[in-house]
1. Which condition number does K193 fail, the rest of (1) free of Cβ contacts under 8 Å to residues at least 24 places away in the same chain; (2) in a helix (DSSP H, G or I); (3) of a type outside the set (A, V, I, L, M) being met?
2. Take region 158-171 and flag every residue that is over 15 Å from N203 (Cβ atoms) and over 15 Å from the mean Cα position of the chain (by Cα).
3. From the residues in region 181-190 that are among the aromatic types (F, W, Y) and in contact (Cβ under 8 Å) with a residue 24 or more places away in the chain, which one is farthest from L137 (Cα to Cα)?
4. Just to be sure I understand the filter: pairs with C-beta atoms under 6 Å, separated by 6 or more residues or on different chains, first member in region 382-407 and in a loop (DSSP other than H, G, I, E, B), second member among the aromatic types (F, W, Y) and buried (at least 17 other Cβ atoms within 10 Å of the Cβ). Which pairs pass?
5. Within region 267-304, count every residue that is closer than 30 Å to Y235 by Cβ and in a loop (DSSP other than H, G, I, E, B).
6. Would you pick out the residues in region 1-58 that are assigned to a helix (DSSP H, G or I), acidic (D, E) and more than 22 Å from F106 (Cβ to Cβ)?
7. Name the pairs: first residue in region 340-355 and over 14 Å from F305 (Cβ atoms), second residue in a helix (DSSP H, G or I) and among the aliphatic types (A, V, I, L, M), Cβ to Cβ under 8 Å, at least 6 apart or on different chains?
8. Quick check on D220: is it assigned to a loop (DSSP other than H, G, I, E, B), over 27 Å from the mean Cα position of the chain (by Cα) and either crowded, with 17+ Cβ neighbours inside 10 Å or not basic (K, R) (or both)?
Amino acid sequence: MSPHRVFVSGDQTELRAERNSVIIAIGNVRQDPVAWETTGATSLSPQEWYEQEIPTCEVYLGVFGRRYSQPTCNEFLLASQIGLKRLIFLNFLDTDQPRDNALQDFIDREIRPRVRYENFSSNADLQIRVERSLGNLIARAYHAPVIHRSGLSFLDQSIIESINLKHVAFSRELQLFYEDRFSHWSTYNALKKLVDRSLVETNTEWHHRWFYPRSTQWEDVREEAETKAQLVNVYAHHDNSYRHEGIAYDDYSEFLVEQALIASNFAIESRHTRRHREREAVVRYRGVGRPPDLDFIASVRDHYFGVQVKNRLDYPEAQSIRDFLNICNQLQIIPLLIIRMAPENLLVQITESGGRVIVFKRWLLRPPFPRNTFRELLQIGIPAAVYTRVPDFLVKRTQEVAESLPQ
């Protein structure tokens, strides 16, 4: 895939060094910077030039400092008008050197309502932030892997940076940290590559694979790793089963989902079943324990759903999803998968079968849960949540499912 054109905007007098850092950053993630200082000789005036170039770009990247710059503001407005993707970076200023009133007014009136911007504190900081943000934007918007000029992908570079900041991290911690942008498998493969190239160090202890900076000895981070391992031990042994009004739930999340469905005017027809009306689904199962079934069958306005709840930090097994779809197909009901997180291809598999998906991202823990441990889990990036009642977002999402059905 050819590189995307990124228009560089910012006052050329005040922000000369910053613009240069941006140009370098764009090149580092193998995109094409479009900047006045790299254009060469032209018969066009600066205004004619940017009015010609901005419509040919995919991304507008603006840097704002202390001084008001009419051309920079005009460039932002033109990029917004024609629908370019925009990245904005504001120089963090000391209180004794505030921004010009005209620039601050422009930021408050035109930028803040439209774009979420980042602050930077130095040229080096700006370069890192541009590489990270632009890499994220390209990967998400164009589904294109972003490769850094060092031969490492944007994910590789980010993992190295995260490990340096965290001092030591276990594999699941890093997979969860990046799961909004990259699949668990992508993070696993990136970690393997970094270890193979000796760019990070690794060690296995307390049943976890640990990663730490290559400039660090294991003994220097062992105590911090042990503290994290103890946290994991607490949540791994937390009993998440639940009983309410004589009904046993395998997982507390099933109770919350059931309450959300009821609040959205669904009726719970049955639980833990492979039967619906006159039909019974047949599944092949050679494992130990209860064969695959549906957590619920729920109905709303004569539409029947087979509901499966997956509340786990890792991805569900592919076979469990195949079994779920198979049961729904045999019972001729609509699949409704309510899941913490899953890879895109799995979600597509559900929707292409005519089903619905609700992704709730949080790991739903049954109360009570140790408060200090909960805070520490959040600090290391474990997306845990403890609710004593059904959360509003879950009710809203189930309502959206009901509203999507034909009357």
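1. (1)
2. I160, E161, S162, N164, L165
3. W185
4. P383/W363
5. 8
6. E37, E48
7. Correct list of pairs: L346/A318; L346/I321; Q349/I321; Q349/L325.
8. Considered against the rule, which asks whether it is assigned to a loop (DSSP other than H, G, I, E, B), over 27 Å from the mean Cα position of the chain (by Cα) and either crowded, with 17+ Cβ neighbours inside 10 Å or not basic (K, R) (or both), D220 comes out as no.
The values are calculated or read from the model by the stated rules, or taken from the named source; none is laboratory data. Nothing here was measured: the structure is a model prediction, and the numbers come from that model. Cβ coordinates were reconstructed from backbone atoms using ideal geometry, including for glycine residues, and neighbour counts include every protein chain displayed.
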